Amino acid sequence: MLLGSVILVLQETLEAALLVSVLMMISYQLWNRVAWLLIGIGGGLVLSYLYSSNMVEVSEWFDYVGQEIVNAGLQVLTAFFIVVCTWAAYKSQRRGSVARQTQTSPFASLFVFCAAAAVALAITREGSEILLYLGGFLQQQEYFRTIMVGSSIGFSIGLSIGILLYYGLSNLPVKWRLDAAVILMALFAGNMLAQSVLQLTQADWIPSSRSFWDTSHWLPEGSILGQLLYALVGYEATPSAAQLVAYTTGVLLVLAFRAAGKHPKR
Amino acid sequence: MNFRATGIISSRLLSLLALLAGLNCHSVFAKTPVIDIEIKDHLFHPSEIVIPANTKVKLVINNLDPTPEEFESYELNREKVINGSRKAVIFIGPLSPGEYPFFGEFYPKTAQGKVIVE
């Protein structure tokens with residue numbers, strides 16, 4: 001029970017923690033802004049409460065696949081906001097080299113709005129699952145204490161990894177910092193789109209295809225490394241062709257908008 | 001483009017269309033098999049299900065417990081929360097023959113099962 005709750009909450013926390021640390025690093029380094037994070041996290045908590053408390057109704061939408069459709073929508077939107085964040089970050093960097101960047105530049109405002117939205121949506125999905133999980137144990141007092149201890153440990157580990165990543169990125173040489181963060185954002189966006197394809201396949205809205213490769217023998221998805229890679233870069237031991245296409249699309253979109261932000265039309 | 005090349009392309013197009021039409025008929029007329037699974041006292045009943053290879057199957061999972069459960073399988077690439085005292089639908093397959101374990105992520109010690117594809 002204890003270990004199960006540690007792993008479950010860690011899995012859910014890790015994804016949001018990674019996103020938060022990358023976006024926070026960028027906004028702090030470029031404009032010294034971090035207050036948006038409170039709105040992102042607060043909004044995410046409120047939305048995850050609303051989502052989990054309406055999960056019964058949502059699940060029955062679209063002939064019992066409402067959960068998949070809503071999750072896929074949240075994932076696509078998260079990827080969209082990450083793409084816009086990338087563009088805004090590079091756009092403002094370009095400007096920053098000409099005139100001194102101010103906290104209130106339009107690109108800074110666009111970035112923090114999209115960053116808050118991406119974080120809120122990521123927390124909505126992951127948080128609602130934790131709330132449903134914990135809610136189930138509210139009715140079983142004998143386990144509740146154990147589950148709360150395990151969940152707190154899982155949450156703390158996830159948070160620590162996020163903090164490590166934040167300081168790791170912040171201590172890179174200045175010229176690599178933004179690029180390193182954007183590579184992580186590209187992988188994150190790819191992961192979101194691939195996961196949304198998986199959700200739609202599960203709902204039978206997208207036809208299922210055979211797995212493109214099978215690495216489950218040498219790196220099982222359920223292993224610790226497999227789980228870490230799943231949260232970090234969306235590792236799948238048996239991805240379908242559609243998932244790979246979606247993943248590549250997400251990565252390329254972020255890289256394309258990075259290029260668009262970096263080299264504005266004259 | 002000469003006449004012969006056009007002929008080859010159009011015959012290929014025709015066969016592609018025929019193929020698509022065939023696929024379409026298949027999905028319309030072949031009913032997706034439905035398999036019912038129950039969750040009770042954090043156990044899956046039945047805990048082993050047998051399905052045919054290369055066939056899409058609809059799992060209807062009835063959670064008879066008052067607490068939510070999460071159906072999860074790394075091998076099937078599936079993950080879904082099932083509310084307490086509610087049912088959920090999950091599509092799996094087409095799959096190649098083999099064994100695909102699944103478990104209830106909220107109660108992984110007890111809620112275990114596998115899909116056997118033959």
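The values are calculated or read from the model by the stated rules, or taken from the named source; none is laboratory data. None of these values were measured; they are calculated from a predicted model. Cβ coordinates were reconstructed from backbone atoms using ideal geometry, including for glycine residues, and neighbour counts include every protein chain displayed.
Within the range B:52-73, does at least one residue satisfy the condition of being surrounded by fewer than 21 Cβ atoms within 10 Å (Cβ to Cβ) and touching a residue at least 60 places away in the same chain (Cβ under 8 Å)? Among the residues of the range B:52-73, at least one is surrounded by fewer than 21 Cβ atoms within 10 Å (Cβ to Cβ) and touching a residue at least 60 places away in the same chain (Cβ under 8 Å), which makes the answer yes. Restricting attention to the range A:216-244, the residues that are of a type in the set (Phe, Trp, Tyr) and more than 16 Å from the chain's Cα centre (by Cα) total 1. Would you please name the residue that is farthest from the other protein chains (Cβ to nearest Cβ), looking only at residues in the range A:30-53 that are surrounded by fewer than 13 Cβ atoms within 10 Å (Cβ to Cβ) and outside any helix (DSSP H, G or I)? Only one residue fits best here, namely A:Asn32. The residue that is nearest to B:Ile90 (Cα to Cα), counting only those in the range A:54-74 that are of a type in the set (D, E, K, R) and surrounded by 14 or more Cβ atoms within 10 Å (Cβ to Cβ), is A:Glu68.
Of the residues contained in the range A:172-190, one or more are found to be small (Gly, Ala, Ser) and over 15 Å from the mean Cα position of the chain (by Cα).
Every residue, every condition in (1) surrounded by fewer than 21 Cβ atoms within 10 Å (Cβ to Cβ); (2) out of contact with any helix residue (DSSP H, G or I) (no Cβ under 6 Å at 6 or more places or on another chain); (3) of a type in the set (Gly, Ala, Ser); (4) modelled with pLDDT of 95 or more, yes or no:
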site: A:Gln195; (1), (2), (3), (4): no, no, no, yes
site: A:Ile224; (1), (2), (3), (4): yes, yes, no, no
site: A:Leu232; (1), (2), (3), (4): yes, yes, no, no
site: A:Glu236; (1), (2), (3), (4): no, yes, no, no
site: A:Pro264; (1), (2), (3), (4): yes, yes, no, no
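From the list B:Thr55, B:Thr32, the lone residue that is more than 9 Å from every other protein chain (Cβ to nearest Cβ), farther than 21 Å from A:Ser52 by Cβ, at pLDDT below 95 and in a loop (DSSP other than H, G, I, E, B) is B:Thr55. Within the range B:58-81, the residues that satisfy the criterion of being farther than 23 Å from A:Ser209 by Cα, outside any strand (DSSP E or B) and within 9 Å of another protein chain (Cβ to nearest Cβ) are B:Asp65, B:Pro66, B:Thr67, B:Pro68. Number of residues in the range B:82-118 that are among the polar types (S, T, N, Q) and at the interface with another protein chain (Cβ under 10 Å from one of its Cβ atoms) equals 3. Among the residues making up the range A:167-208, those that are in a helix (DSSP H, G or I), of a type in the set (A, V, I, L, M, F, W, C) and within 14 Å of another protein chain (Cβ to nearest Cβ) are A:Ala194, A:Val197, A:Leu198, A:Leu200. Selection of the range B:31-81 for residues being of a type in the set (S, T, N, Q), out of contact with any strand residue (DSSP E or B) (no Cβ under 6 Å at 6 or more places or on another chain) and under 26 Å from A:Gly226 (Cα atoms) yields only B:Asn77.
In summary, A:Ser211 fulfils each of the numbered conditions (1) at pLDDT 95 or above; (2) within 19 Å of B:Pro101 (Cα to Cα); (3) not charged (D, E, K, R) with the single exception of condition (1).
For (1) in contact with a Ser or Thr (Cβ under 7 Å, 6 or more places away or on another chain); (2) outside any helix (DSSP H, G or I); (3) of a type in the set (A, V, I, L, M, F, W, C), each residue gets a yes or a no:
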site	(1), (2), (3)
A:Cys114	no, no, yes
A:Glu129	no, no, no
A:Glu142	no, no, no
A:Ser151	yes, no, no
A:Ile161	no, no, yes
A:Leu164	no, no, yes
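Here is the figure for the range A:127-149: residues that are touching a residue at least 60 places away in the same chain (Cβ under 8 Å) and within 12 Å of chain B (Cβ to nearest Cβ) total 9.
If the condition is being closer than 25 Å to B:Lys31 by Cα, touching a residue at least 40 places away in the same chain (Cβ under 8 Å) and surrounded by fewer than 21 Cβ atoms within 10 Å (Cβ to Cβ), then the range B:75-112 contributes B:Phe91, B:Pro94, B:Ser96, B:Pro97.
Selection of the range A:143-158 for residues being in contact with a Leu (Cβ under 7 Å, 6 or more places away or on another chain), under 17 Å from A:Ile123 (Cβ atoms) and polar (S, T, N, Q) yields only A:Ser151.
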